[in-house]
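Only one structure is covered here, and it is reproduced in the block below.
The values are calculated or read from the model by the stated rules, or taken from the named source; none is laboratory data. Please read these numbers as outputs of a predicted model, since none were measured by experiment. We place every Cβ from the backbone using ideal geometry, glycine too, and count neighbours over all the protein chains shown.
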Amino acid sequence: MRQQQYHEKLGLAAFVLSLVGVATAGLLVIPSMICALMSKRHAEAMGLPRDGYATAAMVVCISVLGMWGLLFATGSLVVLSGLRISEDGLRVILAVGGLLLTGVAVRQIVKHTAGAKRMRRLAGLR
């Protein structure tokens with residue numbers, strides 16, 4: 001029982017750090033990812049379910065890192081090329097990039113969930 005509480009608290013801490021990482025320009029995303037991975041590994045070692053707060057934290061972390069990476073890449077491209085892009089144009093570029101990143105993240109989650117269900121069925125668990 002005590003081990004399960006540790007796993008859940010670590011997953012919750014990872015999720016909270018990831019949400020705060022959104023507001024702090026990604027500064028807390030790396031510690032959040034570390035906590036999420038520790039929570040998932042601990043759950044796997046104890047035979048507990050590995051989804052929940054840790055998985056949600058990883059999705060938020062990857063999305064935040066992707067958005068900041070997209071922002072940095074777009075800004076670097078604009079500065080290095082000397083292009084003059086309006087503020088509205090930059091917003092459109094970031095919005096399209098965000099939609100693409102969200103689509104990729106959702107696709108990966110669906111793919112992982114389907115694979116986990118198939119493995120449980122093959123193992124005779126459900």
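Within the stretch 67-84, if we keep just the residues that are over 16 Å from Val20 (Cα atoms) and surrounded by 14 or more Cβ atoms within 10 Å (Cβ to Cβ), the residue that is farthest from the chain's Cα centre (by Cα) turns out to be Val78.
Leu19 satisfies every condition listed in (1) at pLDDT 75 or above; (2) part of a loop (DSSP other than H, G, I, E, B) except (2). Somewhere in the stretch 92-100, is a residue hydrophobic (A, V, I, L, M, F, W, C), at negative phi, surrounded by 15 or more Cβ atoms within 10 Å (Cβ to Cβ) and free of Cβ contacts under 8 Å to residues at least 24 places away in the same chain? Yes - at least one qualifying residue is present in the stretch 92-100.
Entry remark, the stretch 39-57: residues being out of contact with any His (no Cβ under 8 Å at 6 or more places or on another chain) and farther than 19 Å from Ile109 by Cα number 2 in total.
Hey, does the stretch 30-53 have a residue that's small (Gly, Ala, Ser), in contact with a Lys or Arg (Cβ under 7 Å, 6 or more places away or on another chain), in contact (Cβ under 8 Å) with a residue 40 or more places away in the chain and in a helix (DSSP H, G or I)? Within the stretch 30-53 (the criterion being small (Gly, Ala, Ser), in contact with a Lys or Arg (Cβ under 7 Å, 6 or more places away or on another chain), in contact (Cβ under 8 Å) with a residue 40 or more places away in the chain and in a helix (DSSP H, G or I)), the answer is no, since none of the residues qualifies. Among the residues of the stretch 22-44, which ones are crowded, with 23+ Cβ neighbours inside 10 Å and over 11 Å from the mean Cα position of the chain (by Cα)? Within the stretch 22-44, Cys35, Ser39 qualify.
Please list, ordered by first then second residue, the pairs with beta carbon atoms under 7 Å, 6 or more apart or interchain, first in the stretch 104-116 and at positive phi and part of a helix (DSSP H, G or I), second loosely packed, with under 12 Cβ neighbours inside 10 Å and not β-branched (Val, Ile, Thr). Every condition considered, no pair remains.
Among the residues of the stretch 64-80, is there at least one that is part of a loop (DSSP other than H, G, I, E, B) and in contact (Cβ under 8 Å) with a residue 40 or more places away in the chain? No, that holds for no residue. Residues of the stretch 117-126 that are among the charged types (D, E, K, R) and either in a helix (DSSP H, G or I) or modelled with pLDDT of 75 or more (or both): Lys117, Arg118, Arg120, Arg121.
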